[in-house]
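Quick notes on the structure that follows.
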Amino acid sequence: MKGLNEAVIFTSSGIRGVFNETLTLEDIVKISSSFAEVVGEGKIVVGRDTRPSGKPIAEAVIAGLTSMGKEVVDVEVAPTPTILHAIRDLKAAGGIIISASHNPPEWNALKLAGPEGLLLDEEYYTSIKKRISKRTVGGDRPRLIGTVRTWNPFPSYFRSILDYIDREAVRSNPVKVAVDCGGGAGALATPILLRKLGCEVKTIHCHTCGFFPRPLEPNQKTLGDLSQFVISTGSDVGVAHDCDADRMVCVSEDGAVLRPDEGFALIVDGVLREKRGGLVVTNVATSLLVEDVAERYGAKVVRVAVGEANVVKEMVRLKATVGGEGSSGGVILPAVHYVRDGPLACAKLVEILAKTKAGVSDLLREYPTYYLERVKLSYPKALRHKIMDELSSRYSDENVDLTDGIKLCGDREWVLIRPSRTEPAMRVWAEARSRQRAKQLCENMVREVKSIISELNS
Ligand code: MG
């Protein structure tokens, strides 16, 4: 059978679908055997998050790879950053990570990584897609069937982080941490890592049996349990992850759930303070807070398109001090690796709290408060390019940033519009110093787009 199921979605951050509906075992074997053909010589690491579909998908992935003669190292359930660390550690040629990140449990996805544990970019996914559509799976098979063995990726992952963190600082000022992994793979890393650092750790939703007690995306709406848990346990800070633990969102000692951007900013602050400046790379949707932080230490901020691979590419090129995607709570600390890493972000946050002897809310109080509003707007798919062209011509003489979608930048405020890559919808984000103003910026943009659509339709 040629090609893939039409409904499989290729994005710049993975190949995804609902397991057994839009993403079938057959598709998975095709994807993994095509990957086996294009990836370089050497071992391939396979790992997954805690979704129940992870196990059958991993077996199909391994079947696809070994049938093409590949030597597979199966690290089983682990956070995405731990799997990426294993690729570098084992000097493997690449890896396949089975995780739909923060998406609902019935979804799953394959994320492809290359050598050094770096996630592959959009171009690579496009080439895999072309390859699959041209060939018939089961064509040129090697004579030698590959091998598979399991390997525990955690000891060396923990060692890398523990070598980087100032353990003495944490030991002399122990921090009480409440951890909520949402039933995801972070449960196998974050509580253990923080205990190794000498923190007093209390856990909630830290099981890995495939039951998800809260929505997997950690944010102000989904972390009510953790907020209460921080208060009831008298913790200094709460931390939460998505299902594959590349994101970190925190809760202050008084139970306030921070925006993902705020936790990100606290870590950027800690790193720039320690390095006395430097360079930060982040995406266009990340809060202006990062500029406030950078300004304080005379550091520079470079903005790139949304997507971990885009941020990493620029961080490597510019030898950035710190970076990530504040908009989703993804922190990248290149001293350990070029990967959005939730457990590492927690360890760094704890070190910062121990060193400054301050609470999360004290640290945040040093910065202005920003408000973010987000709306999704559907539109006729055929009009996508026309709408974006019309919008950019209307705003051509304002302060426009075309790095990713269209971003209009004002004085301490911005509005960003980006077409979704997976559905006929536009996402509009606006950030401003008051909630009302952020709402107004969003509404103005939505009105503008609607009027363009009706003009184009008439
Ligand atoms: Mg994730």
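The values are calculated or read from the model by the stated rules, or taken from the named source; none is laboratory data. On a predicted model such as this, the values are computed, not experimentally measured, just so you know. FYI the Cβ positions are ideal-geometry reconstructions off the backbone, even for glycines, and counts take in every protein chain you see. SASA here: full protein model, heavy atoms, side chains in, ligands and nucleic acids out. Shrake-Rupley method; radii C 1.70, N 1.55, O 1.52, S 1.80 Å.
If I compute solvent accessible area with a 1.4 Å probe over the protein chains, what percent of it on the range 156-243 is carbon and sulfur?
48
Given the DSSP H assignment, sum -39500 (n - 2.57) over each helix run of at least 4 residues in the chain and divide by its residue total; what's the result at 222 nm in deg cm²/dmol, nearest 500?
-11500 deg cm²/dmol
If one puts a single equal scatterer on every Cα of the range 156-364 and applies the Debye formula without solvent, what log₁₀ I(q)/I(0) results at q = 0.07 Å⁻¹?
Listed by q, the Debye log ratios stand at -0.17.
Taking each pair of distinct Cα atoms in the chain once, what is the resulting Kirkwood hydrodynamic radius in Å? Please list the in-between numbers first.
Values: mean 1/r = 0.0440 Å⁻¹.
Over the chain, the inverse of the mean reciprocal pair distance is 22.7 Å.
Put one equal scatterer on each alpha carbon of the range 9-152, apply the Debye formula with no solvent term, and list log10 I(q)/I(0) at q = 0.17 1/Å to two decimals.
-0.86
Please express the shape of the range 6-77 as an equivalent ellipsoid: the semi-axes are the square roots of 5 times the eigenvalues of the C-alpha gyration tensor, given largest first in whole angstrom.
19, 15, 11
Accessible area of the range 9-152 with a 1.4 Å probe: how many percent of it is carbon plus sulfur?
Working: 2990 of 5790 Å².
C and S atoms contribute 52 percent here.
Given contacts defined as C-alpha pairs under 8 Å and at least six residues apart, what's the relative contact order of the chain, whole-number percent?
12
How charged is the neighbourhood of Thr80? Take every other residue with its Cβ under 10 Å from the Cβ of Thr80, and add Lys/Arg as +1 and Asp/Glu as -1.
-2
What is the packing order of peptides 3-15, 163-175, taking the mean over residues of other C-beta atoms within 10 Å and listing the highest first? Could you put the intermediate results ahead of the total?
Working: 3-15: 17.2, 163-175: 15.4.
Result, highest mean Cβ count within 10 Å first: 3-15, 163-175.
Mind ordering 380-388, 237-245 by average Cβ neighbours within 10 Å, highest first?
Listed from highest to lowest mean packing, they are 237-245, 380-388.
Which whole-number percent is the relative contact order of the range 184-292 (Cα, under 8 Å, 6+ apart)?
21
Looking at the range 9-152, send over the antiparallel percent of its DSSP beta bridges, to the nearest 5.
Here the share of antiparallel DSSP bridges comes out near 45 percent.
Give me the percent of the accessible area of the range 317-434 that comes from carbon and sulfur atoms, probe 1.4 Å, all protein chains in place.
Details: 2250 of 5030 Å².
Ligands and nucleic acids excluded, carbon and sulfur give 45 percent.
How many angstrom lie between the Cα centre of the range 244-269 and the Cα centre of the range 79-131?
25
How do the peptides 207-215, 438-446 rank, highest first, by the average count of neighbouring beta carbon atoms within 10 Å per residue?
Answer by packing, highest mean first, reads 438-446, 207-215.
If you average over every viewing direction, what projected area does the convex hull of the Cα atoms of the range 190-245 give, in nm²?
Directional mean of the projected Cα hull area for the range 190-245 stands at 4.1 nm².
What's the Cα-based Rg to Rh of the range 246-392, Rh via Kirkwood?
Details: Rg = 16.3 Å, Rh = 16.0 Å.
Answer for the range 246-392: 1.02.
What percentages make up the Cα-Cα pair-distance distribution of the range 127-235 when the bins are 5 Å wide from 0?
Values per bin, smallest distances first: 2, 10, 14, 14, 14, 11, 9, 8, 7, 6, 4, 2, 0.
Mind jotting down the distance between the C-alpha centroids of the range 193-225 and the range 361-414, whole Å?
That distance is 32 Å.
Could you list log10 I(q)/I(0) for the range 42-127 at q = 0.10 Å⁻¹, which the Debye formula gives when each Cα is one point scatterer?
-0.21
How much accessible area per residue does the chain have, in Å², with a 1.4 Å probe?
For the chain, the per-residue accessible area is 41 Å².
Taking Cα pairs under 8 Å and at least six residues apart, what relative contact order does the range 9-152 come out at, in percent?
Here the relative contact order equals 32 percent.
Which three numbers, in whole Å and largest first, are the semi-axes of the equivalent ellipsoid of the range 371-440 derived from its Cα gyration tensor as √(5λ)?
Each semi-axis is √(5λ); the values are 21, 16, 9 Å.
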